[in-house]
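The structure under discussion appears below in the form of structure tokens.
The values are calculated or read from the model by the stated rules, or taken from the named source; none is laboratory data. Remember, it's a predicted structure, so these values are computed and weren't measured experimentally. Backbone-built Cβ (ideal geometry, glycine too); neighbour counts: all protein chains shown. Ligands, DNA and RNA are stripped out before the accessible areas are found, and what is left, the full protein with its side chains, is counted by its heavy atoms. Shrake-Rupley method; radii C 1.70, N 1.55, O 1.52, S 1.80 Å.
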Number of protein chains: 4
Amino acid sequence: MGRAHRVTLLGTGLIGDFYTMTLHGRRGLDRVEVAYSRSEERAAAFAQRWGIPQHTTDLRQAVEHPDTDVVVVGLPNDLHEQAIVLAAAAGKAVLCTKPLARSAEEARRILDAVERAGVFAGYLEDLVYTPKTRKAVAAVRGGAVGEVLWVRSRETHPGPHSAWFWDARKAGGGAIVDLGCHCIEIVRGFVGKGNRPVEAMCWTDTLVHPIDAEDNAIALVRFESGAIGQFEVSWTFRGGMDLRDEVAGTDGTIWLNHFLRTGFEMFSSGGSGGYVAEKAESEAGWLFPVGDEVSELGYVDMFADMFDALDRGGEPAETFYDGYVVNAVMDACYRSAASRAWEPVALEWRGGSTPRVARAAATHDGRTVIKRETLPDGRVKLILKDERTGDFEDRVVSG
Amino acid sequence: MGRAHRVTLLGTGLIGDFYTMTLHGRRGLDRVEVAYSRSEERAAAFAQRWGIPQHTTDLRQAVEHPDTDVVVVGLPNDLHEQAIVLAAAAGKAVLCTKPLARSAEEARRILDAVERAGVFAGYLEDLVYTPKTRKAVAAVRGGAVGEVLWVRSRETHPGPHSAWFWDARKAGGGAIVDLGCHCIEIVRGFVGKGNRPVEAMCWTDTLVHPIDAEDNAIALVRFESGAIGQFEVSWTFRGGMDLRDEVAGTDGTIWLNHFLRTGFEMFSSGGSGGYVAEKAESEAGWLFPVGDEVSELGYVDMFADMFDALDRGGEPAETFYDGYVVNAVMDACYRSAASRAWEPVALEWRGGSTPRVARAAATHDGRTVIKRETLPDGRVKLILKDERTGDFEDRVVSG
Amino acid sequence: MGRAHRVTLLGTGLIGDFYTMTLHGRRGLDRVEVAYSRSEERAAAFAQRWGIPQHTTDLRQAVEHPDTDVVVVGLPNDLHEQAIVLAAAAGKAVLCTKPLARSAEEARRILDAVERAGVFAGYLEDLVYTPKTRKAVAAVRGGAVGEVLWVRSRETHPGPHSAWFWDARKAGGGAIVDLGCHCIEIVRGFVGKGNRPVEAMCWTDTLVHPIDAEDNAIALVRFESGAIGQFEVSWTFRGGMDLRDEVAGTDGTIWLNHFLRTGFEMFSSGGSGGYVAEKAESEAGWLFPVGDEVSELGYVDMFADMFDALDRGGEPAETFYDGYVVNAVMDACYRSAASRAWEPVALEWRGGSTPRVARAAATHDGRTVIKRETLPDGRVKLILKDERTGDFEDRVVSG
Amino acid sequence: MGRAHRVTLLGTGLIGDFYTMTLHGRRGLDRVEVAYSRSEERAAAFAQRWGIPQHTTDLRQAVEHPDTDVVVVGLPNDLHEQAIVLAAAAGKAVLCTKPLARSAEEARRILDAVERAGVFAGYLEDLVYTPKTRKAVAAVRGGAVGEVLWVRSRETHPGPHSAWFWDARKAGGGAIVDLGCHCIEIVRGFVGKGNRPVEAMCWTDTLVHPIDAEDNAIALVRFESGAIGQFEVSWTFRGGMDLRDEVAGTDGTIWLNHFLRTGFEMFSSGGSGGYVAEKAESEAGWLFPVGDEVSELGYVDMFADMFDALDRGGEPAETFYDGYVVNAVMDACYRSAASRAWEPVALEWRGGSTPRVARAAATHDGRTVIKRETLPDGRVKLILKDERTGDFEDRVVSG
């Protein structure tokens, strides 16, 4: 059984609500003890909403509060570095929401700060902790789909809920920084964290909203093994929040749907009011709620991993180094969108080397077997290649 | 924040594993302190598997153990009464797995025992606690589907995993006692717990397995409001474990799928090995795992409700009285299967009265409006009934 | 290649539109030549809409028209008998929409009329002809699910579109006569048409609409083999038209969804106007159209079977005898709803005999094998029954 | 009613089977009269299988056969040009399977040939004719999703069935030429055929099969309006044939699934044998057949459009010019895969001009409205941008 932790929570927006709902639910050991907001009004309201004993608008006081041993950073992106540096200086464990930083350079400084201080640091990338993702990654590790060839991660919705997301100066970018960071880490989970992201190709555009940052982006990320990651992010999607992942391997396929099609379907002629789900667009017609939102979005498993790792003196599944890698990939995506060509991912790589995906080719009668099919009548048909001539032929062999 | 509870767990079978996996996971406050099994070997293995400090084959010693304040009964059905009576005598809170008893008469004695002793008693009906069910019931309470007219609950799989389930003397019946108990309580949740189950009509048969008990059953349960509940249970279903619920109301519809179609789809050519999900039939081809099984099956929310209720001195959502009602409905089902006609549900009803579902009929030009449709061209068509002549007519009225 | 047929179509309502859309689409050989309606205005509009050369309000003239060889009856239920008797007298092939009649007695007279006259007669039960149903029935015939144990057929929507459906005097009943007739024939297709429907148990109620006929019904139909059919029909369902079938067999399972979840999902913020699908309730929010409605609803394959059978001088898959059986089952349902007990299906049975479903029980060490499971570690566990003592045991045997 | 056409079919492989199954089914007017194969054995077997009166191994004789007025080309890609030139010379209508050619240059010569000859020419791109695609495109044209921003078309399976597909010399490429051609035309249907494909960015790799051609590719195609098309093609996908399309617009979303999830789900413990669907990988476990394969794959509607257009003297929805555009886009994809940057689509454009997608920005209190949200309490929150300072703010305005 773990030690009970007491948390300083920095930030009282939507993510602060989700974090506290997770920590204070399900008969958990750990509690938020101190809440910090830049606004006294929001800090007080938040503390009352969640039964948090203390709140403050003094960042340093919050971080250094003697009753807490863990600092959780749920602030806008431009405020991460300052908060983390303070927490590291205070010698406290620090957990930071996604993305870690606005650029790889900033992430690198943050990473250096916690490594120099020697404090525990966890990257709060919730979507790699959804129960489906964790089980799917375990299945992939166990060989269920063979070698991973392709991963698609899609995160799209009608646009974020707070002003600062839309301000590229504070956020560091648009939909990529907001949503692509999730996708990149999901993709890394499937292709393997020791599989170096080599280069990226990215399209961005601002199609709908009157902003400077991108409201749509698609990127391809090529990994050392040859596996390709693909992310699609949008702030203009209609119909709710679309969180889906797909994995194709040499021996199998995985399709995950985290939000809009999870086995909960409801038609309502309206009039009931009430919250359906994050980014839901309607309260009538066919609706697709999720069961337990903080579980389906990964918050429950994420905090369990963080505190369990802290208790055992190990590393969580998602570290600040991972956050730094994500920023490095996003930087490459932005460079590619500008150069309109593939761009290398520039980063200090700690993950070792992964061989190229490969399958040994079978031969039949001196020819390479391209494909083997069982015909309806039970006979086996081979497609063969003569490597000398380059010719292909169909050949039916006895079953 | 709740008090930490220490649990005596009676029974170390599959349900004991699920219960302990739930209590010991997700950084929970509460722990199993003492494990009891009739077999020393199983008790020891279970204690080691889950890091439980103490284990025993002495039931009384387990129940009365001074380090625990809660007794959880996870034993075969024929052993519930004895264990609960002991726990009640020991003045401990007692939580009992489903079904509460093998008959309403036995359930009534159990209910009396805990009520006389004044101990906290919770009915561990996990499937009404699945996140989807809880959210759906809340939506129904909020009016999202209007008045509930019909509920279908289906629970089918290829048959239980332990010998005693198949022995009607120990289990009290077959698929109805094993699975129908879930369905009845799910249905009650949707039609309202104050809505009295009036009568039942049930078909049973033993179609596949060489046993005396039913391996298939379908029942209709009519409630005081006129709402109809329908359950389908089977020990002969192929393809995994099918847990689905459907609700139809005057203003909406709900479809829940808890297990085989939850947004996790995997194709594997095989070879990976590994556990897919409870009652899964295969490790190759298209597979449909669930993300977090103990969450999807309701165990997490169930124990949270139980211990939270205990802490605040209130009642859990599922009480022993509910267990007794379920047994009374199942008794009526068995009587109906024998008599081949509707049979009244015999029980001491504590739930008050629910009015008949009803909608006020609109009138148009002195006639009853049966239906109102908007035509493709925007005009409105009414189907009208002349109550004097009994004649019906179509009438297009201006949009 | 078939002979081109020329059709007299009786009735110009929704079903007449669907029939003609089917016949005149997809480069078909066969055409509607004469349209009949009781109203000159509707007849003329219909003929113009579909390019039909001739129309009339004289029933006899329509039936006996020298340019047509086939009479298709798409009239209200109370007008079927008269039209069919006229067609039989005219010596023409006659195809009649569902249900064949308002009662088994009326159906029997209709059946006698065409058999006496020796004319080709086809029962236009479209939903057994949906491409999914046909392929699923073929899979069942091929053994894909073993012996059929249970079939559920559900057809529900918010209520029919024309006044006469709501008038039990004209329709012969309510939701059962309108929708249950489809379900019964779907069930028969899966359990086998040679499998006699022995008895029925039915619940009906009028829960929402101010009518005398039932707006909701559920029935169980027991077949000679022991297989059970279950139908659910409603005129109060919200969310569109729900057409789903499920089959459970000893070796497999089939789930069909014909309408609301067929792989076509659309979210629209509204404003587009336009027809979505039959009985759709909305033009905004999440919508679930079907691709080709007359194909998905079975009309295309139905008419192809009818005319092909006529050309080869054989019988179609759905005959007037099938229509008569359906009426006989519905009669038993109505009797059961009144008597509140199982009622025998009274009919002249021509389908032969079907044995009871059965599986030979395996034995191990002198005991009956109840279940065989492979454990996670690869060992095999048996659940065994000692037939002398009636005791059950778990036994792990070497893999 | 149309004229009956008599067809010369060139090629007797899988596509020839699908074409003839379509033409000879559903009581169609049109028939295959002459079948041509390079092999006498295959020609004879094919003619017998489908009841085709005449067959030959002489290409010219087949094309010029006096009994036929339409030539359908179902030959390997490298044989299209010769066959079409012959048909054009014979003055016959010619319909050619996809892709039209191996390159835009070859396609251009083919286009010129039929235009010079003045014969009717239809491009047999079946997947834009699936009932779902046609209805979805109609909904998009009607405004259901607003302006189209993004389209994804995915076509993947475990690899083609005949040797020539794998030989890049005959096929003109790998998975792009085989599958990407479908995707490009599907995308064009949704973004509008008058929306010029401007440039393409493409990744290809040969990850699994021992061939020179690509077995995996992903491409982005940017259109004049700013809309982006995305295709994913693979010959290494496991689990069947995955045909899915997604459309995102300013006001809505469309998701189509043509093959693996269409509302037909079957579990079989095996042993039934039998054909499940094209490219299905298994006959046991969970299977996902389609109802009517030639309808779901678009063949029925495709030939209906072709022959109807021929009868009325107009153009079909898919012309040889469309086939040429597809080849031009594929050429740009291959160039991009080589150059690793965006490449312009080089083609003679006949489609006019399409404006940039755009939405007029609303203002509030002199600031740009970025987003408008209704809060749970009914108040409205705006996210506003001050265009002078570039600052963003949240502001709650009265509902």
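Kindly evaluate C:F264 against the criterion of being under 23 Å from C:V326 (Cβ atoms), open to solvent by less than 10 Å² (accessible area, probe 1.4 Å) and at pLDDT 95 or above. Reasoning before the result, please.
Details: under 23 Å from C:V326 (Cβ atoms): no; open to solvent by less than 10 Å² (accessible area, probe 1.4 Å): yes; at pLDDT 95 or above: yes.
So C:F264 does not fit the description; no.
Which ones in the range C:41-87 are assigned to a loop (DSSP other than H, G, I, E, B) and either open to solvent by 60 Å² or more (accessible area, probe 1.4 Å) or at negative phi (or both)?
The first filter runs over the range C:41-87 and keeps only residues assigned to a loop (DSSP other than H, G, I, E, B), leaving C:51-53, C:57-58, C:65-69, C:74-76.
Passing the criteria: C:I52, C:P53, C:T57, C:D58, C:H65, C:P66, C:D67, C:T68, C:D69, C:G74, C:L75, C:P76.
Does D:V140 satisfy the criteria of being within 14 Å of chain C (Cβ to nearest Cβ) and modelled with pLDDT of 95 or more?
Judged against the criteria, D:V140 is a match.
Is it true that some residue in the range D:352-371 is surrounded by 17 or more Cβ atoms within 10 Å (Cβ to Cβ), closer than 30 Å to D:A113 by Cα and either at pLDDT 95 or above or not acidic (D, E) (or both)? Working first, answer last.
Step one: list which residues in the range D:352-371 are surrounded by 17 or more Cβ atoms within 10 Å (Cβ to Cβ), which gives D:354, D:357, D:367-371.
Right, trim to closer than 30 Å to D:A113 by Cα and you get D:354.
Remaining after also requiring either at pLDDT 95 or above or not acidic (D, E) (or both): D:354.
Checked the range D:352-371: at least one residue is surrounded by 17 or more Cβ atoms within 10 Å (Cβ to Cβ), closer than 30 Å to D:A113 by Cα and either at pLDDT 95 or above or not acidic (D, E) (or both).
Name the single residue, out of those in the range A:1-40 being more than 20 Å from A:A304 (Cα to Cα), open to solvent by 10 Å² or more (accessible area, probe 1.4 Å) and of a type in the set (S, T, N, Q), that is farthest from the chain's Cα centre (by Cα).
Result: A:S39.
Out of C:A248, C:A317, which single residue is closer than 27 Å to C:V345 by Cα, more than 14 Å from chain A (Cβ to nearest Cβ), open to solvent by 30 Å² or more (accessible area, probe 1.4 Å) and aliphatic (A, V, I, L, M)?
Criteria check complete, one pass: C:A317.
Out of D:R152, D:R169, report the one residue that is more than 7 Å from every other protein chain (Cβ to nearest Cβ) and open to solvent by 10 Å² or more (accessible area, probe 1.4 Å).
D:R169
With B:M330, B:M302 as the choices, which residue is more than 14 Å from chain D (Cβ to nearest Cβ), touching a Phe, Trp or Tyr at 6+ places or on another chain (Cβ under 8 Å) and within 24 Å of B:G192 (Cα to Cα)?
B:M302
Name the residues in the range A:371-384 that are part of a strand (DSSP E or B) and either more than 44 Å from the chain's Cα centre (by Cα) or more than 7 Å from chain D (Cβ to nearest Cβ) (or both), would you?
Answer for the range A:371-384, where residues must be part of a strand (DSSP E or B) and either more than 44 Å from the chain's Cα centre (by Cα) or more than 7 Å from chain D (Cβ to nearest Cβ) (or both): A:R372, A:T374, A:V380, A:K381, A:L382, A:L384.
Looking at C:S339 and the list (1) under 30 Å from B:P210 (Cα atoms); (2) within 14 Å of chain B (Cβ to nearest Cβ), which single condition is not satisfied?
Status for C:S339: all satisfied but (1).
Within the range B:1-37, track down each residue that is within 13 Å of another protein chain (Cβ to nearest Cβ) and in a loop (DSSP other than H, G, I, E, B).
Scanning the range B:1-37 gives B:M1, B:G2, B:R3, B:A4, B:H5, B:G13, B:G25, B:R26, B:R27, B:L29, B:D30.
Residues of the range D:122-138 being of a type outside the set (S, T, N, Q) and either part of a loop (DSSP other than H, G, I, E, B) or open to solvent by less than 20 Å² (accessible area, probe 1.4 Å) (or both), which ones?
The first filter runs over the range D:122-138 and keeps only residues of a type outside the set (S, T, N, Q), leaving D:122-129, D:131-132, D:134-138.
Answer for the range D:122-138, where residues must be of a type outside the set (S, T, N, Q) and either part of a loop (DSSP other than H, G, I, E, B) or open to solvent by less than 20 Å² (accessible area, probe 1.4 Å) (or both): D:G122, D:Y123, D:L124, D:E125, D:D126, D:L127, D:Y129, D:P131, D:K132, D:A136.
If I filter the range B:218-226 for residues that are open to solvent by 10 Å² or more (accessible area, probe 1.4 Å), within 28 Å of A:E296 (Cα to Cα) and in a strand (DSSP E or B), do I get at least one hit?
The answer is no; no qualifying residue exists.
Tell me, yes or no, whether the range B:230-238 has at least one residue that is away from chain D (no Cβ under 14 Å), of a type outside the set (A, V, I, L, M, F, W, C) and either in a strand (DSSP E or B) or farther than 23 Å from C:E281 by Cα (or both).
Looking through the range B:230-238, at least one residue is away from chain D (no Cβ under 14 Å), of a type outside the set (A, V, I, L, M, F, W, C) and either in a strand (DSSP E or B) or farther than 23 Å from C:E281 by Cα (or both).
Working carefully through the options A:G142, A:G189, A:G239, find the one that is within 17 Å of the chain's Cα centre (by Cα) and either farther than 23 Å from A:E293 by Cβ or buried (at least 23 other Cβ atoms within 10 Å of the Cβ) (or both).
None of the others qualify; the one that does is A:G189.
Name the residues in the range D:277-287 that are surrounded by fewer than 23 Cβ atoms within 10 Å (Cβ to Cβ) and more than 7 Å from every other protein chain (Cβ to nearest Cβ), would you?
D:A277, D:E278, D:K279, D:A280, D:E281, D:E283
Tally the residues that are within 25 Å of D:E281 (Cβ to Cβ), in contact (Cβ under 8 Å) with a residue 12 or more places away in the chain and outside any strand (DSSP E or B), restricting the search to the range D:195-211.
Qualifying residue count, the range D:195-211: 5.
With the structure loaded, tell me whether B:G180 is assigned to a helix (DSSP H, G or I), more than 12 Å from chain C (Cβ to nearest Cβ), touching a Cys at 6+ places or on another chain (Cβ under 9 Å) and not hydroxyl-bearing (S, T, Y) or whether it fails that test.
Details: assigned to a helix (DSSP H, G or I): yes; more than 12 Å from chain C (Cβ to nearest Cβ): yes; touching a Cys at 6+ places or on another chain (Cβ under 9 Å): yes; not hydroxyl-bearing (S, T, Y): yes.
Spelling it out, B:G180 is indeed assigned to a helix (DSSP H, G or I), more than 12 Å from chain C (Cβ to nearest Cβ), touching a Cys at 6+ places or on another chain (Cβ under 9 Å) and not hydroxyl-bearing (S, T, Y).
Among the residues of the range A:251-261, count how many are away from chain C (no Cβ under 14 Å) and assigned to a loop (DSSP other than H, G, I, E, B).
2
Give me a count of the residues in the range D:302-346 that are outside any helix (DSSP H, G or I) and either under 27 Å from D:A138 (Cβ atoms) or among the basic types (K, R) (or both).
9
Out of everything in the range C:347-370 that is more than 26 Å from the chain's Cα centre (by Cα) and assigned to a loop (DSSP other than H, G, I, E, B), what residue ends up being nearest to the other protein chains (Cβ to nearest Cβ)?
C:A361
If I ask for residues that are in contact with a Gly (Cβ under 7 Å, 6 or more places away or on another chain) and open to solvent by less than 50 Å² (accessible area, probe 1.4 Å), which ones from the range D:102-116 would you list?
Listed by number, the residues that qualify are D:S103, D:A107.
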